Amino acid sequence: MSELNELYQQLILEHNKSPRNFKKLENASHYAEGFNPLCGDHYEVWLKLDGNRIVDIGFLGNGCAISKSSASMMTTSIKGTTVEEAEKLFEKFHQVVTGKWSVDENIEELGCLGALTGVSEFPARIKCATLAWHAMHSALTNSAKTISTEEEKNQ
Amino acid sequence: MQTVEKELLFDIETIRNNFPILHTSVHGKKLVYLDNAATTQKPRSVLETLDIYYREQNANIHRGVHHLSEVATFEYEKARGKVKNFINASDNKEIIFTRGTTESINLVAHSFGRKFLHEGDEIIISAMEHHSNIVPWQLLCEEKKAVLRVIPMNDDGELIVGEFEKLLSRKTKLVSVVYVSNSLGTVNPIKKIIERAHQNGTPVLIDGAQAVAHMNVDVKELDCDFFAFSGHKLFGPTGIGVLYGKQSILETMNPFQGGGDMIRSVTFEKTTYNDLPYKFEAGTPHIAGGIGLGAAIDFVQKIGLQKIYEYEHELLTYAMRVIGSIAGVQLIGTAKEKAGVVSFVLENIHPHDIGTILDREGVAIRTGHHCTQPVMKRFGIPATARASFALYNTKDEIDALVKGIGKVKEVFA
């Protein structure tokens, strides 16, 4: 059960039960939805930018504990950061959950996201952990309004 | 008397010993394979048949005059004969080898649908179809400006036959329904559906993917016009499937793909097509797959489909009772006529999380929408967890699943 405990840490279960910023932003400047066609997980992400700074963020949707807690932690992690900082964090987070980057060396930078590092032991669940992040990235770059996990190469 | 009883005995250990993979471990736990609606495991006889084919018989079929080509052709056509007997078709000409159920349905959409469907015509499917029995018809309807109609179902996941009768009209050009629902387990009253459709002069395609491994199928008795299934859900290889079609209809249809084997003569001015079934089999087929499917059919026939049906029914009844009585579980699909599929949701826990935790216990189930998104929508859920049984499953394995669900609840407590 150790890997399972690692995956389903208390912090993750807690975010899953009471997701933060679980709301639609009425005055959002950026928006995108993330969709996993294989399992039907679906999230919408709203961002409000003031210049280059993310002053507010919200999300709504349905999915497993991993995808929902990751979305929730994402909102708390990037609220108040600049767009560049948010993108950089996504890059690091992505490397951690895909097992390409050691957690221990940089645990401080990740903050609560460190709780999601157990995902790297569960390849089938990586897409769950990154779904809302892809939507956030898409919203910020305006590349597409609906993104699909299938655009990410299989890990 | 005694010998009869002995014969009727369903010796589960002997059956399980035929499947090497059932004796493997996953994450240090004994494998409990309950994802048979997705694909079934392969018995030794199928594995050995494939091995012998590639070691001793491999050649291209229907063209060589050399020894190996004759052997391969003989074995492949012998397998076609086994399929014919298995579903009680009238003639080998009615058995078309395809890649699987999906390709079989697409073949009908292309070769029958594109020829006979016109603007304003209608095709009837049901509310519990797999995407593979929805999308080909949508594509066809879009092209032909035809209309897709859907037979609704009730809260138990049973088709409402009265509504089907109302949908039938002179515009109806084809009815295509699933025999056994992959996400709900419902066994549909297809005999009645076929009868009503025929009274309306409409041919019927049956998606039999989830039926053939679990019950007797007799296409003559059903009187269906088309019947599609996959080899890999019947203990055979992936990449091989079957389309049965009544000869009289197949003869009126256009070819499917163009290429070698499906032609009689080719000039740059005109090509004439080969006889049935080859008219629909362009290119080198999955020869090993066809022969392997023949071995799989031998395997289930040796045990007997009626015995398999009765055994699995007992498993299903047990599973519905013990899973259904777990606190927080809601069963999805509670039809009176059901085959070995138990779909469920667990209060406040997403099916994906259930699947991951069960996997660590060695229990393989499927989670998600099972390629039936309209079914999920009908029940107002994004996904389900699904356990599906085959002849080699046991009550002990269902107990392992129940224990696993207990673990899931512990993790999320």
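For the subset of region B:154-184 comprising residues that are touching a residue at least 40 places away in the same chain (Cβ under 8 Å) and of a type in the set (S, T, N, Q), which member is farthest from B:H198 (Cα to Cα)?
B:S183
Can you spot a residue in region B:149-166 that is basic (K, R) and touching a helix residue (DSSP H, G or I) at 6+ places or on another chain (Cβ under 9 Å)? Outline the logic, then answer.
Here is the first cut: in region B:149-166, the ones basic (K, R) are B:149, B:166.
Still in the list and also touching a helix residue (DSSP H, G or I) at 6+ places or on another chain (Cβ under 9 Å): B:149.
Yes, that holds for at least one residue.
Looking at (1) touching an Asp or Glu at 6+ places or on another chain (Cβ under 9 Å); (2) in a loop (DSSP other than H, G, I, E, B); (3) of a type outside the set (S, T, Y), can you tell me which one A:I66 breaks?
Every condition holds for A:I66 apart from (2).
Return only the number of the condition from (1) within 14 Å of chain B (Cβ to nearest Cβ); (2) surrounded by 14 or more Cβ atoms within 10 Å (Cβ to Cβ); (3) more than 12 Å from the chain's Cα centre (by Cα) that A:S69 does not satisfy.
(3)
Every residue, every condition in (1) over 18 Å from B:N106 (Cβ atoms); (2) among the aliphatic types (A, V, I, L, M); (3) touching a residue at least 40 places away in the same chain (Cβ under 8 Å), yes or no:
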residue	(1), (2), (3)
B:M253	no, yes, yes
B:Q257	no, no, no
B:F280	no, no, yes
B:G290	yes, no, yes
B:L293	yes, yes, yes
B:Q301	yes, no, yes
B:G304	yes, no, no
B:I308	yes, yes, yes
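How many residues, within region B:148-196, are among the hydroxyl-bearing types (S, T, Y) and either over 15 Å from the mean Cα position of the chain (by Cα) or more than 22 Å from B:A209 (Cα to Cα) (or both)? Full working, then the answer.
Initial filter on region B:148-196 (among the hydroxyl-bearing types (S, T, Y)): B:169, B:172, B:176, B:179, B:181, B:183, B:186.
Subset that is either over 15 Å from the mean Cα position of the chain (by Cα) or more than 22 Å from B:A209 (Cα to Cα) (or both): B:169, B:172.
So the count comes out to 2.
For region B:259-278, which positions are touching a residue at least 60 places away in the same chain (Cβ under 8 Å) and hydrophobic (A, V, I, L, M, F, W, C)?
Scanning region B:259-278 gives a single hit, B:L276.
For (1) part of a helix (DSSP H, G or I); (2) more than 15 Å from the chain's Cα centre (by Cα); (3) modelled with pLDDT of 90 or more; (4) on the phi > 0 side of the Ramachandran plot, each residue gets a yes or a no:
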| residue | (1), (2), (3), (4) |
| --- | --- |
| A:S102 | no, yes, no, no |
| A:N106 | yes, yes, no, no |
| A:L110 | yes, no, no, no |
| A:T117 | yes, no, no, no |
| A:A129 | yes, no, yes, no |
| A:H134 | yes, no, yes, no |
| A:K153 | no, yes, no, no |
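Name the single residue, out of those in region B:350-364 being out of contact with any helix residue (DSSP H, G or I) (no Cβ under 6 Å at 6 or more places or on another chain) and surrounded by fewer than 23 Cβ atoms within 10 Å (Cβ to Cβ), that is nearest to B:I303 (Cα to Cα).
B:A364
Hey, among B:L174, B:L184, which residue is assigned to a loop (DSSP other than H, G, I, E, B), surrounded by 15 or more Cβ atoms within 10 Å (Cβ to Cβ), modelled with pLDDT of 95 or more and on the phi < 0 side of the Ramachandran plot?
Working: B:L174 fails: assigned to a loop (DSSP other than H, G, I, E, B).
So the residue among B:L174, B:L184 that is assigned to a loop (DSSP other than H, G, I, E, B), surrounded by 15 or more Cβ atoms within 10 Å (Cβ to Cβ), modelled with pLDDT of 95 or more and on the phi < 0 side of the Ramachandran plot is B:L184.
Considering A:W101, A:W46, which residue is more than 24 Å from B:G380 (Cβ to Cβ), in contact with a Leu (Cβ under 7 Å, 6 or more places away or on another chain) and of a type in the set (F, W, Y)?
Working: A:W101 fails: in contact with a Leu (Cβ under 7 Å, 6 or more places away or on another chain).
Selected residue: A:W46, the only one of A:W101, A:W46 that is more than 24 Å from B:G380 (Cβ to Cβ), in contact with a Leu (Cβ under 7 Å, 6 or more places away or on another chain) and of a type in the set (F, W, Y).
For region A:84-95, give me each residue that is surrounded by fewer than 18 Cβ atoms within 10 Å (Cβ to Cβ) and in contact with a Leu (Cβ under 8 Å, 6 or more places away or on another chain).
Applying the first criterion (surrounded by fewer than 18 Cβ atoms within 10 Å (Cβ to Cβ)) to region A:84-95 yields A:84-85, A:87-88, A:91-92, A:95.
Correct list: A:E87, A:K92.
Of all residues in region A:29-45, which are free of Cβ contacts under 8 Å to residues at least 24 places away in the same chain and either within 8 Å of chain B (Cβ to nearest Cβ) or closer than 14 Å to A:M73 by Cα (or both)?
The initial filter retains those residues of region A:29-45 that are free of Cβ contacts under 8 Å to residues at least 24 places away in the same chain, namely A:29, A:40, A:42.
A:G40, A:H42 - these are the residues of region A:29-45 that are free of Cβ contacts under 8 Å to residues at least 24 places away in the same chain and either within 8 Å of chain B (Cβ to nearest Cβ) or closer than 14 Å to A:M73 by Cα (or both).
Which residues, counting only those in region B:187-222, are in contact with a helix residue (DSSP H, G or I) (Cβ under 8 Å, 6 or more places away or on another chain), crowded, with 24+ Cβ neighbours inside 10 Å and in a loop (DSSP other than H, G, I, E, B)?
Hits for region B:187-222 are B:G208, B:A209, B:Q210, B:V212, B:A213, B:H214.
Just to be sure, is A:I107 free of Cβ contacts under 8 Å to residues at least 12 places away in the same chain, among the aliphatic types (A, V, I, L, M) and in contact with a helix residue (DSSP H, G or I) (Cβ under 7 Å, 6 or more places away or on another chain)? Walk me through it before giving the result.
Details: free of Cβ contacts under 8 Å to residues at least 12 places away in the same chain: yes; among the aliphatic types (A, V, I, L, M): yes; in contact with a helix residue (DSSP H, G or I) (Cβ under 7 Å, 6 or more places away or on another chain): yes.
Considered against the rule, which asks whether it is free of Cβ contacts under 8 Å to residues at least 12 places away in the same chain, among the aliphatic types (A, V, I, L, M) and in contact with a helix residue (DSSP H, G or I) (Cβ under 7 Å, 6 or more places away or on another chain), A:I107 comes out as yes.
So, in region A:1-28, of the ones that are of a type in the set (A, V, I, L, M) and in a helix (DSSP H, G or I), which residue ends up farthest from the other protein chains (Cβ to nearest Cβ)? Steps first, answer last, please.
So the first thing to find is which residues in region A:1-28 are of a type in the set (A, V, I, L, M), and the list is A:1, A:4, A:7, A:11-13, A:25, A:28.
Add one more test, that the residue is in a helix (DSSP H, G or I), and what stays is A:4, A:7, A:11-13.
Working: A:L4: 5, A:L7: 7, A:L11: 14, A:I12: 10, A:L13: 6 Å.
Looking at the filtered set, the residue picked out is A:L11.
Taking the stated definitions as given, is B:E13 within 26 Å of the chain's Cα centre (by Cα) and modelled with pLDDT under 95? Reasoning before the result, please.
Working: within 26 Å of the chain's Cα centre (by Cα): yes; modelled with pLDDT under 95: yes.
When the stated conditions are applied, B:E13 passes them.
Quick one: B:E142 ticks every box in (1) in contact (Cβ under 8 Å) with a residue 60 or more places away in the chain; (2) part of a helix (DSSP H, G or I); (3) closer than 26 Å to B:E165 by Cα; (4) of a type in the set (D, E) except a single one, so which number is it?
(1)
Name, by its number, the condition in (1) buried (at least 16 other Cβ atoms within 10 Å of the Cβ); (2) in a loop (DSSP other than H, G, I, E, B) that does not hold for A:D56.
Failing condition for A:D56: (2).
Would you confirm whether any residue within region B:282-301 is among the aromatic types (F, W, Y), surrounded by fewer than 18 Cβ atoms within 10 Å (Cβ to Cβ) and at pLDDT 95 or above? Lay out the reasoning, then the answer.
The first filter runs over region B:282-301 and keeps only residues among the aromatic types (F, W, Y), leaving B:299.
Okay, now just the ones that are also surrounded by fewer than 18 Cβ atoms within 10 Å (Cβ to Cβ), so none.
Within region B:282-301, not a single residue is among the aromatic types (F, W, Y), surrounded by fewer than 18 Cβ atoms within 10 Å (Cβ to Cβ) and at pLDDT 95 or above.
Could you please let me know if B:V65 is more than 30 Å from B:H23 (Cβ to Cβ), out of contact with any Leu (no Cβ under 6 Å at 6 or more places or on another chain) and of a type outside the set (K, R)? First the steps, then the outcome.
Working: more than 30 Å from B:H23 (Cβ to Cβ): yes; out of contact with any Leu (no Cβ under 6 Å at 6 or more places or on another chain): yes; of a type outside the set (K, R): yes.
Considered against the rule, which asks whether it is more than 30 Å from B:H23 (Cβ to Cβ), out of contact with any Leu (no Cβ under 6 Å at 6 or more places or on another chain) and of a type outside the set (K, R), B:V65 comes out as yes.
The values are calculated or read from the model by the stated rules, or taken from the named source; none is laboratory data. All values reported here derive from a predicted model rather than from experimental measurement. No Cβ is skipped: glycine too gets one built from the backbone with ideal geometry, and neighbour counts run over all protein chains shown.
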